[in-house]
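Below: the structure, in structure tokens.
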Amino acid sequence: MAGCLSSKGLLMLYRKGMLHQNGSKLGLIHRVIEAAMIVGALWICGYAYGVPFEMHYQLAGMVGMAVFLFLAEWNSLYLSWRANSIGREAWMISSLWVLSCCVMLAVVFLSKSSEFYSRVTITAWMMFTPIFLMGERIALRSVLRRFRMFGFNTRAVAIVGGGTNAAKLVEVISTSPWMGLRIEGIYDDAETIFKDEGGCEVRGQGVEVFMQHIQDRSIDCVYITYPMQQEERIRQLVERLADSTASVHVVPDVFVSDLFHARWTSVGEVPLVSVFESSIYGGNALLKRLEDVVLGVLILVLISPVLMAISIAVKLTSPGPVFFKQRRYGLNGQVIEVWKFRSMSVMEDGANIQQAQKNDPRVTPLGRILRRTSLDELPQFVNVLQGQMSIVGPRPHAVAHNEQYRRLIHGYMLRQKVKPGITGWAQVNGWRGETDTVEKMEKRVECDLYYINNWSLFLDIKIIAMTVLGGMRGKNAY
């Protein structure tokens, strides 16, 4: 491992200096630069096409800038990205800009002001702006990485505790030099051996040695990897570390990390850990609802000819109504009526519902095509605008199926902590259609809980993109 720094001069000033201590200033710089780049990109596109930067273009630039900055704040884009890959950061920027564009298009559509803008200029602006934004981020990362190559802008890390968590942490830090984290030492009273960046074995030192080093060395961050069952040991260590200036982080073990979006909260002054709690609450719920309304309106406008054509085809090819409404569980287990194009000759919605199977005689010839391509789900955008469903989320199951599987699969009803969706993480990963075994439904539930536990705006955009480009895959969709 890297040795400790003993020099107290200019080198230490830079290593712990402005770039490290003033991360919030970097965030402010990001905000100012990106706001200027959004408006400036519109001016450049207009100038290249010979369009004067008049008042309505200035207004469009300001709206685009305001919407993007608002969404960026909600999604913590301006916090430190030191420990995240450039790919994840680029995807976040792209998804936020796509959503910003959807908001702006909706405003233009509702205000009937599209005639004031050049389509070429606006299209170029929407295409090139995320490239400019990502270029600025990549350039800054390159500068910071070059600083870190010379030992600047790094953070000295100490790991206290052994076991799997410590080994994983060492591996991640050692294989990710772009984070700028430098392991000063590993400390554990047990006989623990790790491998450093060069693959050499390193024996952990005792905790008492660590307490001496925390006073002598410049350690920025301490990661405690003891199991949560050793509460008293962790508490004592944290109390002793209160006498230092290091940032202290407790790395949760398997029990805590497997909790369903566990987060700290409180009732009055009493601290709590929320276990079965969704990540989509408060501002996130408002953001997701905004996403649903904006994208839902735009998609409905775009697919209206398809909806009309399918409605006529359903009516002409088989007797019965065009739409089929089935009771399913929505948010918090409330029963909702989900809209679909009728694809069967029956309208089952009772206590016992048989899932569609291969060569199912109940499915009409047209219905077989609609179900295979998921076109029968398109009317559910009405449910989205009604607020009963979301564009992305766990697929709603029939009430009868919910009652069946909630007794068989642990954590099944946690799917109801969010609104059901038209498409979801399970569907784009192939877990769609008939679930003739409990194992198949367990895989679907596993994907649904992963989505809820890891929800973010860019994950929604990713799932929508995967749905549009690859469809909702599944060989067992009949």
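The values are calculated or read from the model by the stated rules, or taken from the named source; none is laboratory data. Only a predicted model underlies this, so the values are computations on that prediction, with no experimental measurement involved. Glycine also receives a Cβ, built like all others from the backbone with ideal geometry; neighbour counts cover every protein chain displayed.
Worth pointing out:
- Count of residues meeting criterion [outside any helix (DSSP H, G or I) and surrounded by 15 or more Cβ atoms within 10 Å (Cβ to Cβ)] in segment 31-52: 1
- Boolean, residue 131 is among the aliphatic types (A, V, I, L, M), closer than 30 Å to residue 180 by Cα and either in a helix (DSSP H, G or I) or modelled with pLDDT of 90 or more (or both): yes
- Within segment 53-64, the only residue that satisfies the criterion of being surrounded by fewer than 15 Cβ atoms within 10 Å (Cβ to Cβ) and within 28 Å of the chain's Cα centre (by Cα) is 62.
- From the options 93, 138, residue that is among the aliphatic types (A, V, I, L, M) and surrounded by fewer than 16 Cβ atoms within 10 Å (Cβ to Cβ): 138
- Within segment 398-428, the set of residues being part of a loop (DSSP other than H, G, I, E, B) and crowded, with 24+ Cβ neighbours inside 10 Å comprises 418, 419, 420, 424.
- First in segment 209-232 and touching a residue at least 12 places away in the same chain (Cβ under 8 Å), second anywhere and of a type in the set (Asp, Glu) and surrounded by fewer than 16 Cβ atoms within 10 Å (Cβ to Cβ), Cβ under 9 Å, 6 or more apart: 214/243; 215/243
- Test: residue in segment 75-84 that is assigned to a helix (DSSP H, G or I), out of contact with any Phe, Trp or Tyr (no Cβ under 8 Å at 6 or more places or on another chain) and within 26 Å of residue 137 (Cα to Cα): no
- Complete set of residues in segment 91-128 that are in contact (Cβ under 8 Å) with a residue 60 or more places away in the chain and not in a helix (DSSP H, G or I): 117, 118
- Among the strands (runs of 3 or more DSSP E) confined to segment 154-221, the ones with at least 1 residues that are over 27 Å from residue 140 (Cα atoms) and either in the same structural domain as residue 141 (by TED's automatic domain parsing) or at pLDDT 75 or above (or both) are located at 155-160, 181-187.
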